[in-house]
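A.B. asks: This structure is in structure tokens; I'll ask about it shortly.
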Amino acid sequence: MGLPPQQVSPSFQDTQSRPTDAQARKLVEQTYAYFAAKDEGRFADAYSTFSTSQKQTVPFDGWKAQLENFYRVAGSVQGRKIQKITWYKDPPNTQPGVYAAVDFTGQFPNLTLYCGYVAWRQQNDGALELVREEANSIAKSVAEKMPPELLQRARSQFRC
């Protein structure tokens, strides 16, 4: 499996703990496994990757209901792709550690646009826990009514 483009945040000054290709491969595998669990309706499996703080912020029942509604609107996933990984060390307002933001896109039959990122924190034992997820989408029925420049502006704002 080839690795997507990677970058290290300028604030990641610790050259001794820079991520390796093996860590990046593990991150990519875990991200695709997380997506597969969601896409296959194995919501408890996907949720099990959440950090304790993420579980406190995002209760399971509400998260699951939101996902079920998303799939009703979007349809079944047709594909996902990791676009880029950005590595961070000790970002502000977080627990100390190494973090990775994984930018992704996806294709769904009823969406014109779908993209976002998942953020993972590496544990001391090398395990990864999901600390944040953000996804943006525009339904085809909405996009058809948008002028092209407005759709392009949305794409830029979503960083798709």
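A.B. asks: Test ARG80 against the stated conditions and say whether it is touching a residue at least 60 places away in the same chain (Cβ under 8 Å), open to solvent by 20 Å² or more (accessible area, probe 1.4 Å) and touching a helix residue (DSSP H, G or I) at 6+ places or on another chain (Cβ under 9 Å).
C.D. replies: no
A.B. asks: Here's a follow-up. Considering only the stretch 118-157, how many residues are open to solvent by less than 60 Å² (accessible area, probe 1.4 Å) and closer than 23 Å to PHE35 by Cβ?
C.D. replies: 20
A.B. asks: Report, by residue number, each residue of the stretch 122-137 that is among the aliphatic types (A, V, I, L, M) and at pLDDT 95 or above.
C.D. replies: Once the filter is applied, which keeps residues that are among the aliphatic types (A, V, I, L, M) and at pLDDT 95 or above, the stretch 122-137 yields LEU128, LEU130, VAL131, ALA135.
A.B. asks: Pick from LEU128, LEU111, LEU150: which is of a type outside the set (Asp, Glu) and in contact with a Leu (Cβ under 8 Å, 6 or more places away or on another chain)?
C.D. replies: Sole residue among the options that is of a type outside the set (Asp, Glu) and in contact with a Leu (Cβ under 8 Å, 6 or more places away or on another chain): LEU128.
A.B. asks: List the residue pairs whose Cβ atoms are under 6 Å apart, where the first residue sits in the stretch 46-60 and is of a type outside the set (Val, Ile, Thr), the second is surrounded by 15 or more Cβ atoms within 10 Å (Cβ to Cβ) and assigned to a helix (DSSP H, G or I), and the two are 6 or more positions apart or on different chains.
C.D. replies: Taking only residues 6 or more apart or on different chains, the pairs are ALA46/TYR34; ALA46/ALA37; ALA46/LYS38; PHE60/TYR47.
A.B. asks: Quick check on my filter: what residues within the stretch 85-94 are among the β-branched types (Val, Ile, Thr) and in a strand (DSSP E or B)? Steps first, answer last, please.
C.D. replies: Residues of the stretch 85-94 that are among the β-branched types (Val, Ile, Thr), as a first pass: 85-86, 94.
ILE85, THR86, listed by residue number.
A.B. asks: Six or more apart or on different chains, Cβ under 6 Å: which pairs go from a residue in the stretch 142-160 that's modelled with pLDDT under 90 to one that's of a type outside the set (Phe, Trp, Tyr)? Could you list them?
C.D. replies: LEU151/ALA143; PHE158/CYS115; PHE158/ASN136; CYS160/LEU113; CYS160/CYS115
A.B. asks: Of these, ALA33, ALA44, ALA100, ALA65, which one is small (Gly, Ala, Ser) and either modelled with pLDDT under 95 or crowded, with 17+ Cβ neighbours inside 10 Å (or both)?
C.D. replies: Result of the check over ALA33, ALA44, ALA100, ALA65: ALA100.
A.B. asks: Within the group VAL73, VAL28, which residue is open to solvent by 50 Å² or more (accessible area, probe 1.4 Å), in a helix (DSSP H, G or I), among the β-branched types (Val, Ile, Thr) and under 21 Å from GLN107 (Cβ atoms)?
C.D. replies: VAL73
The values are calculated or read from the model by the stated rules, or taken from the named source; none is laboratory data. Not measured: the values here are computed from a predicted model. Ideal geometry is used to build each Cβ from the backbone, glycine not excepted, and the neighbour counts take in all protein chains shown. SASA here: full protein model, heavy atoms, side chains in, ligands and nucleic acids out. Shrake-Rupley method; radii C 1.70, N 1.55, O 1.52, S 1.80 Å.
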